[in-house]
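Here the structure is laid out as structure tokens; the discussion comes afterwards.
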Amino acid sequence: MSNTLAEVEACELIEKLMAHALRVFAEYGLSGKNAMPGVGLSAEDFVFDLLREYLVGRIKTKDLSYLYTALRNDIIDKLKSASHKTTDHMPPLPQGDRATEKPECLDDFPSRGVRPDDYLCEESYKLRVRRSVADKPDLRDVVEAVFDLDLEKPGEIADALNTTAKDIYARNRKLRLRLVGQGIAEVPDEK
């Protein structure tokens, strides 16, 4: 005998659907309390999404086995999604003893962004730029012209360094690549 939604009270229905969702999650090695990586939905989210579909009239069938199948298919569809397949779960902090084991965690990835103190402290920024070009005399000359002589235009810098503006443009490109490579500057977004 098939149970219909009219025969099952709301709380009991939610419990049954939740138990089924947890079973499906377990079948695929997921914990029902945690969100599915890359998708951000927990077993509870799948259950309430299904109930919402029923309440707004998108699901017309009142058969409980149909709801189980729909719930299972929703979970499997999300498991097959590109966002789930391409997402790697990494804990934000290292777990265990880092000396004996090397688990990947978010702390292991270097930040590519410009340090916040460089935005706030111009002297810190200038010091890092100077250190970055200390071994490159042609770039060091440009940096000194900008920082020490307050020159901004390539023509002015070229006059101060007894070279051409075209050479200054080339040096600026090299300087920019060096600063981006060392994480001192960012590549601007192309719009």
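What follows is calculated from the coordinates using simple rules that are stated; it is not laboratory data. Being a predicted model, the structure only gives us computed values, none of them experimental. Cβ: placed from backbone, ideal geometry, glycine included. Neighbour counts: every protein chain shown.
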If I stretch the segment between Ile76 and Leu41 completely, what's the gain in nm (0.36 nm per residue apart, minus their alpha carbon distance), one decimal?
11.4 nm
Be a star and scan the range 121-145 for residues whose amide nitrogen sits under 13 Å from the point 7 Å along the Cα-to-Cβ vector of Asn172.
142-143
For the residue pair Gln182 and Tyr66, what label-to-label distance in nm results when each label sits 7 Å from Cα along the Cα-to-beta-carbon direction?
6.8
Most exposed to least, judged by fewest other Cβ atoms within 10 Å, Lys174, Lys153, Lys78 sort to Lys153, Lys174, Lys78
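So if each residue of separation counts as 0.36 nm, and I subtract the Cα-Cα distance between Glu156 and Lys136, what length gain in nm does that give?
5.1 nm
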